[in-house]
Amino acid sequence: MFRSYAELLRLPGASAAAVPAALARLAGTMVPLALLLALVQSDRSVAVAGGAGAVYALGSAVGGPFIGRLMDRRGPAPVLRITGPVAGGLLVAAALGASRAPTGVLFAVACCAGLVTAPVGASARAMWQDLTDDENLRKRAYAFESTLSELLFVLGPSVVSALGWLLGARTALPVTAVLLAAGAVGYGQAGIVRRRAPVPRRPAARGTRRGAAALSVLAAIALTAALSSALAVAVTAMLRAQGSAPELAGSLVALQSAGSVVGGLRYGARTRGGSTFRRYVRLLVVLTLALAVLPSAALAHRAGLPTVWTLLLLGALLALSGLPMAPTGAEEFQLIGDLTARHRMTEAFAGVGSFIAVGGALGSALTGAVADSAGPVTALGLPAACTCAALLLTLAARRPIAEAVAAAREEDRVRCATPESERHTHEH
């Protein structure tokens, strides 16, 4: 299995770009917790600390697509040379002002840091388009990226905790800032990234059906992102309702992430036929069915199952439901890639990140309200409802999606057939 992924990293220039990109992305998952701990240890309220993390996330969601567009137009390397150090510097400034700066200033600095944080993950996904024309290798690359994202989101908070224990909570944020800047700059200096030339934009083929296709897929991605946040809240609500320690929620949800990593690695190691759309739909069906059984753990406890056995049952169900998660994420990005012309790929993938952030926030808020009003059983059913809605939305947009994929391929074909001089003349 791992031999198939080694083949990806043996592509010329792949490992030199993938390693610093992974460092930057790891640091990105560390920022919210590092910011929270730095402010709390500086005697700020939890509300202020949490708010700073929220505005950082908001800034990233808003700024990501715009920086992605700039990376497509100007090339990633010059953009990363600027945004990496600026984002890192702003986070260091937040750390230095954690105890004395006014709350409004801290929020503004955190928001600006998010706004200028480059979407390295989006650029890394787009990079595989330049590294290989082999469709099977690209599918494997998207599975690798999806699995890596799951792994980094598990590792990030753990690394922050380790830094806080070794160096102190206040030191974790500046260290995270340095890692973020170093990873972004290092990725920008990789040969394959530096050689990625700026691409003048041709007017894109527009139409309501193509717009509907993209919006439908993005909305489906937001719904699948909502399930993760919904699940964390629902599991916490269930533990509280049965008298268990709510702190166990993190460990239980981590079991799903572990299942996702295993499922992603196995999925990407095999070659699968059929269209991306069909594979995505099949995985949504599997994921919906896997999530639909989660409420049975709460029902079993209500029927008299001892708490320990309830936790073991829930942990097993969460691990099993995680198996199709990373594969589903891989096909989501593959489908977005199919819908998008190659010269807009970074912008498109950065936009996916924004929809994921919005979906996660909405899923958390909605599940909290449902858990309080209808109880943990209903709350545990929301993740399956999210994926079912994503499935129905995707099926309803089947024809626009097929037409949009054909239009994107035609746009790439025309661009490849057009001489570079004509492209610049057309642009200017």
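The values are calculated or read from the model by the stated rules, or taken from the named source; none is laboratory data. Keep in mind that what you see is a predicted model, and the values were worked out from it rather than measured. Counting neighbours? That spans all protein chains shown, and the Cβs are built from the backbone with ideal geometry, glycine included. The area values use the complete protein model at the heavy-atom level, side chains included, leaving out ligands, DNA and RNA. Shrake-Rupley method; radii C 1.70, N 1.55, O 1.52, S 1.80 Å.
At-a-glance table
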item: Qualifying residue in region 237-245 (condition: open to solvent by less than 40 Å² (accessible area, probe 1.4 Å), in a helix (DSSP H, G or I) and not aliphatic (A, V, I, L, M)); result: no
item: Check on residue 29, modelled with pLDDT under 90, within 19 Å of residue 353 (Cβ to Cβ) and among the hydroxyl-bearing types (Ser, Thr, Tyr); result: yes
item: Checklist (1) in a helix (DSSP H, G or I); (2) surrounded by fewer than 16 Cβ atoms within 10 Å (Cβ to Cβ); (3) in contact (Cβ under 8 Å) with a residue 60 or more places away in the chain applied to residue 267, failing item; result: (2)
item: Sole residue being open to solvent by 10 Å² or more (accessible area, probe 1.4 Å) and on the phi > 0 side of the Ramachandran plot, chosen from 375, 368, 351; result: 375
item: Criterion: at pLDDT 80 or above and buried (at least 21 other Cβ atoms within 10 Å of the Cβ) - qualifying residue of 226, 258; result: 226
item: Residue under evaluation residue 17, criteria (1) modelled with pLDDT of 85 or more; (2) open to solvent by less than 20 Å² (accessible area, probe 1.4 Å); (3) within 19 Å of residue 163 (Cβ to Cβ); (4) not acidic (Asp, Glu), criterion not met; result: (3)
item: Test set (1) under 23 Å from the mean Cα position of the chain (by Cα); (2) at pLDDT below 95; (3) open to solvent by less than 20 Å² (accessible area, probe 1.4 Å) - residue 291 fails condition number; result: (2)
item: Enumerated helices (runs of 4 or more DSSP H) restricted to region 315-413, each holding at least 3 residues that are touching a residue at least 60 places away in the same chain (Cβ under 8 Å) and more than 27 Å from residue 270 (Cα to Cα); result: 345-374, 376-396
item: Number of positions in region 160-199 that are modelled with pLDDT under 85, among the small types (Gly, Ala, Ser) and assigned to a helix (DSSP H, G or I); result: 3
item: Odd one out for residue 6 among (1) open to solvent by less than 40 Å² (accessible area, probe 1.4 Å); (2) touching a residue at least 12 places away in the same chain (Cβ under 8 Å); result: (2)
item: Any hit, region 297-313, residues being more than 17 Å from residue 244 (Cβ to Cβ), of a type outside the set (A, V, I, L, M, F, W, C) and either modelled with pLDDT under 95 or open to solvent by less than 50 Å² (accessible area, probe 1.4 Å) (or both); result: no
item: Flag if residue 277 is touching a helix residue (DSSP H, G or I) at 6+ places or on another chain (Cβ under 8 Å), closer than 27 Å to residue 155 by Cα and of a type in the set (Phe, Trp, Tyr); result: no
item: Hits in region 1-14 - residues which are within 21 Å of the chain's Cα centre (by Cα) and modelled with pLDDT under 80; result: 5
item: Hits in region 2-24 (condition: over 30 Å from residue 88 (Cα atoms) and hydroxyl-bearing (Ser, Thr, Tyr)); result: 4, 5
